[in-house]
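Comments concern the structure below.
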Amino acid sequence: MMIEMLTDYSRIVVAYDHSELSKKALKMAMNLAKQDTHIELLVVIVIQPDRPMVYSYGYAFEAYHKKQREEVKAVRNELEQDLKSLSNKTRTYAIEGSPGHMIVEFVKQNDADLVVMGSRGLSGLKELFLGSVSHYVVQKAHCPVFIVK
């Protein structure tokens with residue numbers, strides 16, 4: 001059973017983009033963490049850098065960037081509310097860069113034992129994930145990756 005394997009994990013990273021699959025992945029990771037209060041749960045949102053064409057419109061760029069920051073802040077607040085139900089240590093992060101690469105780097109830098117993520121993301125919250133992100137993470141991460149479908 002899955003619960004038996006949890007004894008090996010102390011730090012779980014959830015890649016989150018507010019899509020239905022990432023919400024499902026978060027719920028799965030929270031259920032895994034509940035099995036042992038020593039498991040730390042880190043939730044990371046990766047924001048893709050702005051597209052070059054946005055830079056050509058000074059005001060439009062500022063408005064876009066402000067809206068993006070507000071969306072991420074709202075998502076983080078919602079996440080933190082959800083995570084309050086856990087007695088585990090939890091943290092949320094918002095980082096910018098290429099999603100697959102940033103998730104793999106985050107996992108490495110935080111010495112995670114397990115990554116939990118959806119099989120695909122959305123293009124809503126300013127394209128936080130692209131279709132190949134989960135594949136990239138599975139190939140490049142140094143630890144197991146739990147893909148939620």
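Could you list, in sequence order, the residues of region 96-116 that are over 17 Å from Asp8 (Cα atoms) and either touching a strand residue (DSSP E or B) at 6+ places or on another chain (Cβ under 6 Å) or acidic (Asp, Glu) (or both)?
Glu96, Pro99, Met102, Ile103, Glu105, Phe106
In region 58-82, what residues are under 20 Å from Ser19 (Cα atoms) and hydrophobic (A, V, I, L, M, F, W, C)?
Matches in region 58-82: Val72, Ala74, Val75, Leu79.
Looking only at region 57-92, which residues are closer than 23 Å to Ile39 by Cβ and small (Gly, Ala, Ser)?
Scanning region 57-92 gives Ser85, Ser87.
Only residues in region 58-85 that are surrounded by 11 or more Cβ atoms within 10 Å (Cβ to Cβ) count as the first member; pair them with residues that are modelled with pLDDT of 85 or more and assigned to a helix (DSSP H, G or I), Cβ under 8 angstrom, at least 6 apart or cross-chain, and list the lot.
If the second residue must be modelled with pLDDT of 85 or more and assigned to a helix (DSSP H, G or I), the pairs left are Leu79/Leu26; Asp82/Leu26; Asp82/Met30; Leu83/Met30.
For region 89-102, what are the residues that are within 15 Å of Leu26 (Cα to Cα) and either without any contact (Cβ under 8 Å) to a residue 40 or more places away in the chain or buried (at least 19 other Cβ atoms within 10 Å of the Cβ) (or both)?
Thr90, Thr92
The values are calculated or read from the model by the stated rules, or taken from the named source; none is laboratory data. Note that the structure is predicted; figures quoted are calculated from it, not measured. Note that we place each Cβ from the backbone using ideal geometry, even for glycine, and neighbour counts take in every protein chain shown.
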